[in-house]
Amino acid sequence: MLPFRKKSFLRISSFFLLSLIFPAFAFAEKEEADSIQRYQLDEIVVSTSRETRPFQLLPVSTSVLFDHSLELLQIQTPKDIGDVVPNLHIPAYGSAMTSAIYLRGIGARGNGQSSVGLYVDNVPYLDKSSYDFELMDIDRIEVLRGPQSTLYGRNTMGGIIHIHRRSAFAKDELSASLSTGRFGDNTGNVLFSKKINDANALSAGISTHSFRGYRRNLYTGEYADNSMESTVFLRGETRKNSGRWVFDLNANFTNQNAFPYGLYNPQTGDVADVNHDGDNTYQRSMINGNIMYEKKNDRILFISTTGLHWLSDDMNMDQDYTPQRLFLLNQVQNEYSISQEFSLKNRNKSRIDWSLGAMGFYQYLKTDATVTFLEDGISTILQPVFDTVAKKGGPTMIITDKNIPIPGTYKTPSAGIALYGQATLKDLFIPKLSLTGGVRIGYEFVDIDYSTAMTIGMRYYQQGMRDTIWVNPTYQLEGKEKQASPNILPKAALQYDFDDFNSVYFSVSSGYKSGGYNIQMFADLIQQMARNNPVDVDAAISYKPEFCVAYEIGTKNSFFNHKLHTQAAYFYNDITNMQITQFVTSTQGRKTSNAGAAVTQGIELSLSARLNSSWMLTASYGYTNAKFTEFNSAIKINGRDTNINYKGNRVPYVPENTFSAGLTYSTDFVNSTFVKTLTAHAQFTGSGKTYWDEANTLSQDFIGTLNANVTLDFRKNFSVGIWCKNMLNTTYNTFVFVSGNKAFGQQALPFQIGVNAAVKIGI
């Protein structure tokens, strides 16, 4: 589905015409040196602090994006990474709070731990509400696909995204940049870094991003998706002898109109305009601290990392997403967490490479959530409950309240400890054949302390009574639940290295995702109490841990004097107790449940080719076949509980294909007084068929988008550029979900264009 119209052609033509105008200012011959090396998107040699071997020799499918790549690819938040990494999908779900990640078909939208881990400078982010933020002063981003249970403290099943910030020693510089584009898409950054002396350095930065909005709410006439975000960071770094201290502090503040969902048409795939009466907003304040100590000698590298995290947010959602006054949700979260990790690995050249680690974390999350029934919700949802009782010979009860709040307080502390490690034995039986083995031993627990109640004002009349009486029945749920889960996760890999850049490997690893409790479905349980139905709270709100056994075979290669780098892998994941997010029957909440089991399998291909001194080509392709092997779901059909078997259906929200291809042109002007370098980049990304529901009745076919940018660097450390997003003006949906008997969706942004400028001053 690529609607290529005249307007699209004019946009592309105009963009590249402007890109050709830039070199006219140079009036110089281009430099013949290999300038493209600065813009290579997938470098080969990467030194890491956790892995026992360099990235190019790891028996795992990997991707690395460096700082210059992030600029070319217009990657501004972690969500943007999914556009260029095969089989990685990070859709826009309507707010900075809902940041689900799917990798190789593994992921979930619901509560609890993410299936794909996010690390920033060796510190795990424990909650998905923290995953969406502006990237600043980034050195590189590493993506490791598959379970990483023996390398990282916070185990995740699908893989790891590890973001590394730039060292404060990297450069002495003061820089500022400004970008402005269509729909009021404005970004400003100021960065400072200074080497104070040979032992100490300091860096700091501030960033603001504002978006005027694109989608208007028909009910209010206001923009439904405008936002403002600010980020600040401060880093101090000390190097003395063979030790190093790093102190990080960063804060993020987000304020946005959120959840711009419109009614979805299953026949056409179109999403109607946003049209709801309630407030859909999200506000978040987040502060992260990081203290890292590193000590090394010729034989060993030791790293201690302490992470501190605080988050406070406030979400308002019109949960029916319509002009009807049905029900609203207000949810306030306060989260505090601390993590401590120790890692140790060898540095000397020996036949055995090894790494060991220990990690512990504690997270306290308090959620105050209130579902409020409004007039239409009372008359169409709550009152029929009591009307049914009257029809069966019970008393007549008429609700008199204009709105009925159902407040709830939920405290969900969680903690975990783990010991893990792996070792690689080289030259096993024959030269260049290696065997990697590892294990993780962990224990995690999560508790819930809940308190919620609903009081209803009503008139009560029963046959034989002389007068109607006024009553205020209260339905209340209070209690505590606890669950704990030990886990032992082994790993093994066999690899043959033809040389330092060419290898084949086979690996078997296991992954784990902790269980937990649902808090957004207590309003549904309260209604069941009002119907006089028995309620088993623990069975209704709890979900079990999810497990995975992953198999992978792959190869990494370098050809033509390292001008062409390739990776290829086949994977097979066997998932049990799979966690799936579903809306509850009443539609006033969602829950995570263990759907059964699934198998995801597929392939990944990627390459980067330096065509000559000016041209660079990158491409990647991912195919994922994710299907349920067991799935029994109880839903209501005509008022009756009915078991539906979705065995053999595709797992929702997982694209069948992901594709990305980028072309970069760079040239230097040696004789120009003013102009130094011209860089142009175009990136086409595609996403294959995606199902939106477990029944596989709603889906979206292949969609493709084209982004591009041109940057002109001047010799006085000044640059200007033009950028475009969705140049083909492709119409598609980023998210569709079913609530009750309706489906809603969120449309992607159309064509965007903007300009940017940056200045750098040596200090």
Pick the calculated percent of Cα pairs over 46 Å apart for this structure from (1) 31; (2) 49; (3) 24?
(3)
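Working with all protein chains in place, sort H309, H162 by solvent-accessible area computed with a 1.4 Å probe, largest first. Display every interim value, and only then the final one.
On the way: H309 25, H162 0 Å².
Heavy-atom accessible area, descending, gives H309, H162.
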Quick tally, 1.4 Å probe accessible area for D376, D121, sorted with the most first, runs D376, D121
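Could you work out [θ]222 nm for the chain from helices alone, using -39500 (n - 2.57) per DSSP H run of at least four and dividing by all its residues? Round to the nearest 500 deg cm²/dmol.
On the way: 5 runs with 45 residues, N = 763.
Result for the chain: -1500 deg cm²/dmol, rounded to the nearest 500.
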Take the alpha-carbon centre of region 265-340, take the same for region 235-260, and report the distance between them in whole Å.
17
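Taking 0.36 nm per residue of sequence separation and subtracting the Cα-Cα distance, how much length would be gained by fully extending the chain between S230 and K194, in nm to one decimal?
On the way: separation 36, 0.36 × 36 = 12.96 nm, distance 2.27 nm.
Contour length minus the Cα-Cα distance gives 10.7 nm.
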With a ≥ b ≥ c taken as the square roots of the eigenvalues of the C-alpha gyration tensor of region 125-259, please select rounded if a/c is under 1.5 and otherwise prolate if a/b is larger than b/c or oblate if it is not?
oblate
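Keeping every protein chain in place, order D67, D298 by accessible area at 1.4 Å, biggest value first, i.e. largest first. Don't skip to the end; give the middle numbers.
Values: D67 45, D298 130 Å².
These residues rank, largest area first, as D298, D67.
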What list of ³J(HN,Hα) couplings, whole Hz, do you get for region 549-561 from phi and the Karplus terms 6.51, -1.76, 1.60, once you set θ to phi - 60° and write x for glycine and proline?
10, 10, 10, 8, 10, x, 8, 10, 9, 9, 10, 6, 6
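Suppose a student asked you for the relative contact order of the chain, using Cα pairs under 8 Å spaced at least 6 residues apart; what percent would you report? Present the calculation step by step, with values, prior to reporting the outcome.
On the way: 2200 pairs, mean separation 100.5, N = 763.
Once divided by the residue count of the chain, the mean separation gives 13 percent.
When a/c reaches 1.5 or more, the comparison of a/b and b/c decides; with that in mind, is region 113-198 rounded, prolate or oblate per its Cα gyration tensor?
Working: a/c = 3.10, a/b = 1.44, b/c = 2.16.
Taking the square roots of the gyration eigenvalues as a ≥ b ≥ c, region 113-198 is oblate.
For region 473-551, what is the relative contact order in percent, using Cα pairs closer than 8 Å and at least 6 residues apart in sequence? Provide the component values of the computation, followed by the final result.
Numbers: 87 pairs, mean separation 26.8, N = 79.
For region 473-551, the relative contact order is 34 percent.
The values are calculated or read from the model by the stated rules, or taken from the named source; none is laboratory data. Keep in mind that what you see is a predicted model, and the values were worked out from it rather than measured. Surface accessibility is based on the protein's heavy atoms, side chains included, excluding ligands, DNA and RNA. Shrake-Rupley method; radii C 1.70, N 1.55, O 1.52, S 1.80 Å.
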